[in-house]
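Worksheet for the structure shown next.
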Amino acid sequence: MLFSLILPGQLQAENMTWCAYFNWKPWIYLTSQGEHAGILIDQLSLFQQINPSITVTLKFIDNWKRCQAEVASGKISFILGANKTPEREKKFDYLPEPSFLNHSSMLAYSALNNDKIQKIHSLNDLKRYRLAMVRGNSYGDTLDTFIKTLENDQVGEVSSQGQILKLVSIKRYDYFLLPAGTLATTIKKYQQAFPTLSSHQFRVIYEIPRATPVYIVFGKNTGNYEKYAEQWLSTLKAYYSSVNFDDEVRRHQNTNGQLGSKTK
C-alpha cells in the first residue's frame, strides 16, 4: 500500500478577503493609531482565532458601492457588515443570524440658513422637501420605505457624501440623512475636496429612531456562503456567549484607540 507524505510546508492556508463601510463607529472605525476597530473587527478577530487555518485579508476600498460590486462578483469574499434590502438580496446571501442589532438614530440635516424648511413633526412632513442621498444607500426599512414613496424630482442621487454635503449647504437640495454622531467625521473626510464645509453650516431638522439588523454578506453564486457560513455562525455564537454586548458598544463609543475584544 502506498502512502502520500504531506509536509507541513505544503499545506496551503485558505484565504478570505473582506471589505466594509468604514466610517461607522462603534461598529467599525479608524482609531487614532490608524488601525481599524469596532464590534465587527472584534468579531472578525474571533473568527480568525477559531479558524486559524483561514487567513482573512482586508481589501480596502474607500467606495461603498464598489465594495458591494466586488463581493457580488466574488472578487472579494464577504462584506463585514451590511443592512439587508430587497435590491441587495438579489445579489447577496446573508447569514441567517445578524452580527448585531443596531439601535441608533438617523438624523435629517438641512443647511443652517435654509429658511424654507418649517417645523418637521413626522416623516410625512419631509415629503415637502428634496432629499440628497448616495446612490444605492440603505437607511433601514422605515426610511427605505419612505424614500420609495417620494417622487423622482424629490430625490437626488449622487456618488459621494461629500457631494451631498456641498449640495445641501448651497441649498440645491434641502436635506440629507446621516447616523447620529457621524456628521463631524464625515465632513472631515471630505474637507480637502470641499474646504468650505463646516458642521456649523447644518442643523438637525428631524430624528428617526431605528433598530436595524446588520449581517455578514456574501455574493450569490460565488460559493463563499456555502464555504464560510457555518464558521461565521459559530463565531457569532461564541462572541455573544463571551461578552456583554452593551458594555462592548459603550467601550467602542468611548474608545481612545485600544483594540481587541474582551473574550474569555
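In table form, for the structure just shown:
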item	result
Positions within the range 224-247 being open to solvent by less than 30 Å² (accessible area, probe 1.4 Å) and either in contact with a Lys or Arg (Cβ under 6 Å, 6 or more places away or on another chain) or within 11 Å of SER77 (Cα to Cα) (or both), in sequence order	ASN224, TYR228, SER242, VAL243
Residue ID - farthest from the chain's Cα centre (by Cα), chosen from residues in the range 126-140 that are open to solvent by 30 Å² or more (accessible area, probe 1.4 Å) and closer than 17 Å to TYR206 by Cα	ARG128
Tally of residues being of a type in the set (Val, Ile, Thr), under 23 Å from ALA211 (Cβ atoms) and open to solvent by 20 Å² or more (accessible area, probe 1.4 Å) across the range 51-92	0
Residues of the range 147-173 satisfying the condition of being hydrophobic (A, V, I, L, M, F, W, C) and out of contact with any Leu (no Cβ under 8 Å at 6 or more places or on another chain)	ILE164, LEU167, VAL168, ILE170
All positions within the range 41-50 that are open to solvent by less than 20 Å² (accessible area, probe 1.4 Å), under 19 Å from TYR225 (Cβ atoms) and in contact (Cβ under 8 Å) with a residue 60 or more places away in the chain	GLN43, PHE47
Selection within the range 102-123 - open to solvent by 80 Å² or more (accessible area, probe 1.4 Å), closer than 30 Å to LYS84 by Cα and modelled with pLDDT of 95 or more	HIS121
Qualifying residue in the range 216-230 (condition: closer than 25 Å to TYR129 by Cβ and of a type in the set (Asp, Glu))	no
Index of the failed condition, ASP174 passing every other in (1) at pLDDT 95 or above; (2) open to solvent by 50 Å² or more (accessible area, probe 1.4 Å); (3) on the phi < 0 side of the Ramachandran plot	(2)
Hits in the range 172-227 - residues which are aromatic (Phe, Trp, Tyr) and part of a strand (DSSP E or B)	TYR175, PHE176, PHE202, TYR206, TYR215, PHE218
The one condition in (1) over 19 Å from ARG210 (Cβ atoms); (2) loosely packed, with under 14 Cβ neighbours inside 10 Å; (3) within 26 Å of the chain's Cα centre (by Cα) that LEU167 fails to fulfil	(2)
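The values are calculated or read from the model by the stated rules, or taken from the named source; none is laboratory data. Model, not experiment: these values are computed from the prediction. Quick reminder, even Gly has a Cβ in these numbers, built from the backbone with ideal geometry, and neighbours come from all protein chains shown. To get the accessible areas, we keep the full protein, side chains included, count just its heavy atoms, and leave off ligands, DNA and RNA. Shrake-Rupley method; radii C 1.70, N 1.55, O 1.52, S 1.80 Å.
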